[in-house]
2 protein chains.
Amino acid sequence: MEFIPYGHVTTPEGFVAGAVCAGMYASGPKAGQPDLGILFSQRECASAGVLTTNLVRSAPVYVNEKRLPAGNLRGAVTNSGNANAPFGNAGIAEAEEMAALAARHAGVPPEQFAVCSTGVTGVVLPIDKVRAAIPGITLSREGGPDFARAIMTTDTRPKQAAVAVTEGGRLLFRVGGCCKGSGMIHPNMATMLAYMTADAAVEPGYLQRLTKKVADATFNMVTVDGDTSCSDTLLVFANGAAGGETIREVDPAASLLEEAFMAVATRLARELARDGEGARHLIAVNVSGAATLGEARQLARTVALSSLVKTAVAGNDPNWGRILVAAGRAGVRLDPAKASVSLQGVPLFRNGGVVPFDEDDVHGRMKADEVAIDIDLALGDGRATAWGCDLTTDYVHINADYRT
Amino acid sequence: MEFIPYGHVTTPEGFVAGAVCAGMYASGPKAGQPDLGILFSQRECASAGVLTTNLVRSAPVYVNEKRLPAGNLRGAVTNSGNANAPFGNAGIAEAEEMAALAARHAGVPPEQFAVCSTGVTGVVLPIDKVRAAIPGITLSREGGPDFARAIMTTDTRPKQAAVAVTEGGRLLFRVGGCCKGSGMIHPNMATMLAYMTADAAVEPGYLQRLTKKVADATFNMVTVDGDTSCSDTLLVFANGAAGGETIREVDPAASLLEEAFMAVATRLARELARDGEGARHLIAVNVSGAATLGEARQLARTVALSSLVKTAVAGNDPNWGRILVAAGRAGVRLDPAKASVSLQGVPLFRNGGVVPFDEDDVHGRMKADEVAIDIDLALGDGRATAWGCDLTTDYVHINADYRT
């Protein structure tokens, strides 16, 4: 398996995409940029997805929840600039119309289209703009990057990746994906808007289980600000365009498929965190020695979310005390006398005691784009990584002024 | 019951306090200011307390945990500028010596003194500075404000209050208190450093139950940044100096006592939130109609903690969508179709629908020092208030540069 340079969501065979500017943004860097996109499989395909667990949900989530169980979605239409949320049941008619317009444009029944909206909450979706814009969307094999740009809100860049899986030099299948952040990011049993495609043929039930497993280990381990979006959605399409047998969970190819999905999703998840609102550092919190996998994940997410850890990283400050104190409130088993903490590979705290270190040296190492925090609890085999970003004054500016 | 103007922790009879500069701060606004204080009851008294539930604890917490059950503490010694944490068992000798030095200075056995430390984590307590400074502390009835200033870290001002409880014009007793914030504030079954005094005589078992009840409704409903300190401690002393019978839980005077403690603690809790690091607004989140009291508290704390709600308030932005979305991830029962949200008394969302409002008007109302967010779930009788503050660029500056 290897990453395809500049790979994206329509790199796998049989997928097309496109985007236009529907005028969702009146001002700011997205004004005049693509804000409405369609992703489509030219062939029948298996589909899967996970949705936000927030009880306050955007209207599209209700629509997708009804359509996902059939496992035969062919595409998704997505706008940025307006989340069509949170109005309870209100807004659903607009979401359904948006899906129907896109489905008609692509030439399939409405029930085979998912719909997503992301952006400001509390403002009614301007469906007239969607009606006017959809017919202008050109779907092509080259459209993946346009689609990835159309779903951005405060993201500073698109997030996309694809891998090719080969065996003996022969291409088996490809997996691609894209996603958007970059605030209200603390996925809970779901993820932010993300789309993954594969030209492998996959048994739908297995595809759904795989989707959940991948989301839990990747997108659900990302945190920017602790706020879970009402729109969190991961949609996965596998259309079999690469040929080959349909992959079931028991087949040998399943491990290759899982590896490919994990690789693409991990890269996207890292890019989500790296591009967190105002972020200057990607933070990777690697926990080992936790009593269980679940506790490792919870601890890693808690530390990655800590405002004091995030501001310390913003200041390149090797403040291991904040790391350990955040760990102590994670609600997981932890004995400070056994715990160890390293920053950028430098041990700072081991078995309950301070390790003398060169403050200036670690301060300098923390200026890197990516800061690694390693925490070993020495209690068990639980191991997990969470990705976050530092908390900077730009985060505050972005969110204090978001609507104005 | 009424608040005593400029009341403080030694306003109740029989309590004395004092503070000196031990030199814990090398630079910054606290350099040269009092950073080591003693609070002391001149009479035997009943004591109670609650401690952090963080598994990573400062050394003083271990000492206090051993001494609290006796219920006969006479005083506490506290430094700022160094948390003596988090080193597991290490640091305990320093904490015990600090308590012993203060107890000797006050003339009581070491077991009758509690000890607290607050400030930077990860740095060994300079016990030599404590040794040199304690003999210079003068204890007096007027020392409460000095004590309150000595425990400050990034606080911009001391937090103190006292009430007098009267019956038919006759003084029954007084309750006073002080506390410090103002970062790493998200108390969990405990609180930040806070001290309360009463010159009523109180049965010790009841005093402990009352302390827990008061903390849960006041200090534990404050959040600044979601980080729970390793030092959180509330200590309560009741010495009977006002005369009168010992108050037991079943006595009529117990309701007066509870009212007084709640009033002082609520004021201190509000001041904690108002002085949160970098804060420009106090945020009061009032939840009603929750299914239970516990769910009301959880929801109120979740909304008060939301980075997106906090930044919206910083920008005076009536972004009710963020409030509702934060509520939706609180893990409590909630039906968006029944929920209502008001900001500064102006309804913005009611029964699942937007209420048209004058954006400029609400924007203007949000410039007040205090911003009230009212959320009604219309599901039950659960009702609670949480206090928080806005998230500003100053919070980031304070915490990115805290140690440098």
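The values are calculated or read from the model by the stated rules, or taken from the named source; none is laboratory data. Owing to the predicted nature of the structure, the values given are computational and were not obtained by experimental measurement. Quick reminder, even Gly has a Cβ in these numbers, built from the backbone with ideal geometry, and neighbours come from all protein chains shown. Each accessible area value is taken on the protein alone, full model and side chains, heavy atoms only, with ligands, DNA and RNA left out. Shrake-Rupley method; radii C 1.70, N 1.55, O 1.52, S 1.80 Å.
About its Cα centre, the dipole of the protein assembly as shown is roughly 260 debye, where the only charges are +1 on Lys and Arg Cβ and -1 on Asp and Glu Cβ. Distances between placed amide hydrogens fall under 5 Å for A:Val222 paired with A:Trp387, all partners being 5 or more residues away or on another chain. Summary for B:Asp128: label point 7 Å along Cα→Cβ; distances to the equivalent points in the other copies, ascending, 7.8 nm.
Placing a label point 7 Å from the Cα of A:Asp369 along the Cα-to-Cβ direction, the residues of the range A:234-276 with a backbone N closer than 17 Å are A:266-276. Neighbours of B:Ala339 by Cβ distance under 15 Å: Lys/Arg scored +1, Asp/Glu scored -1, total +3. In the context of the full protein assembly, A:Val264 retains an accessible surface of approximately 0 Å², using a probe radius of 1.4 Å and ignoring ligands and nucleic acids. Given a 1.4 Å probe and the protein chains as shown, B:Glu13 ends up with an accessible area of around 70 Å².
Averaged over the residues of B:225-231, the number of partner chain Cβ atoms lying within 10 Å of the residue Cβ comes to 6.
Chain A residue nearest the rotation axis toward B, with distance: A:Thr393, 2 (Cβ to axis, whole Å). What separates the A:Val250 label point from its copies, with the point 7 Å along Cα to Cβ, is 7.0 nm, written shortest first. With a cut-off of 15 Å between beta carbons, the residues surrounding B:Ala263 carry a summed charge of +1, where Lys and Arg count +1 and Asp and Glu -1. Once the dipole of the protein assembly as shown is set up with Lys and Arg at +1 and Asp and Glu at -1 on Cβ about the Cα centre, which of A:Phe15, B:Leu308, B:Gly331 lies farthest towards its positive end? Result: B:Gly331. Computed on protein heavy atoms with a 1.4 Å probe, the accessible areas place B:His363, A:His186, B:His397 in the order B:His397, B:His363, A:His186, largest first. Peptide B:326-334 shows a mean partner chain C-beta count of 5 within 10 Å per residue C-beta.
Between B:Val120, B:Val224, B:Val50, the GNM of chain B built on Cα springs shorter than 10 angstrom shows B:Val120 fluctuating the most. Working note: Karplus 6.51/-1.76/1.60 with θ = phi - 60° gives the range A:130-135 the couplings 5, 4, 6, 8, 4, x Hz, where Gly and Pro are set to x. Just which residues of the range B:54-84 lose 10 Å² or more accessible area with every protein chain there, against their chain alone, with the probe set to 1.4 Å? For the range B:54-84, once contacts with the other chains are taken into account, B:Asn54, B:Leu55, B:Val56 lose 10 Å² or more. Each residue of the range B:347-360 is assigned a 3J(HN,Hα), and the resulting list reads x, 10, 8, 9, 6, x, x, 6, 9, x, 9, 7, 4, 5 Hz, derived from the Karplus form 6.51 cos²θ - 1.76 cosθ + 1.60 (θ = phi - 60°), x at Gly and Pro. Using the Cβ-Cβ distance between A:Asp335 and B:Ala378 with R0 = 60 Å, the FRET efficiency computed as 1/(1 + (r/R0)^6) comes to roughly 0.85. The spacing between the range A:170-199 and the range B:229-270, judged by their C-alpha centroids, is 54 Å.
Ignoring ligands, DNA and RNA, please state the percent of accessible area on the range B:155-276 from carbon and sulfur, probe 1.4 Å. Of all accessible area on the range B:155-276, carbon and sulfur atoms account for 51 percent. Heavy atoms only, probe 1.4 Å: what % of the accessible area of the range B:1-89 goes to carbon and sulfur, would you let me know? Using a 1.4 Å probe with all protein chains present, the range B:1-89 comes out at 51 percent carbon and sulfur. In this assembly, the B-A interface accounts for approximately 4300 Å² of buried accessible surface in total, computed with a 1.4 Å probe and without ligands, DNA or RNA. Proximity of backbone amide H atoms, modeled 1.01 Å from N, is registered between B:Thr166 and B:Glu2, B:Leu172 at under 5 Å, excluding neighbours fewer than 5 places apart on the same chain.
For the range A:252-404, the per residue solvent-accessible surface stands at 35 Å², with DNA, RNA and ligands left out and a 1.4 Å probe. From its DSSP helices (H runs of at least four residues, each -39,500 (n - 2.57)), the protein assembly as shown gives a residue-normalised ellipticity at 222 nm of -9000 deg cm²/dmol. Ascending distances from the A:Asp361 label point to its copies in the other chains, with the point 7 Å along the Cα-to-beta-carbon line: 6.4 nm. For the range B:88-123, heavy-atom accessible area (probe 1.4 Å) falls by no less than 20 Å² from the chain alone to the full protein assembly at B:Gly88, B:Thr121, B:Gly122. Rounded to the nearest 0.05, the FRET efficiency derived from the C-beta distance between A:Val124 and A:Asn72 at R0 = 45 Å is 0.90. Taking GluC sites (Glu not before Pro) across the range A:243-327, the ones in a DSSP loop with at most 15 further Cβ atoms lying within 10 angstrom of their Cβ are A:Glu245, A:Glu249. Protein heavy-atom surface of the range A:349-404, 1.4 angstrom probe: 43% of the accessible area is carbon and sulfur, with nucleic acids and ligands not counted. Accessible surface comparison of A:Thr191, B:Thr11, A:Thr156, probe 1.4 Å, protein chains only, largest first: the order is A:Thr156, B:Thr11, A:Thr191.
Of all lysines in the structure, those lying under 19 Å Cα to Cα from B:Lys159, and not within fewer than 8 positions of it along the same chain, are B:Lys30, B:Lys180. Only the Cβ atoms of Lys and Arg (+1) and of Asp and Glu (-1) were treated as charged; on that basis the dipole of the range A:270-311 about its Cα centre amounts to roughly 60 debye.
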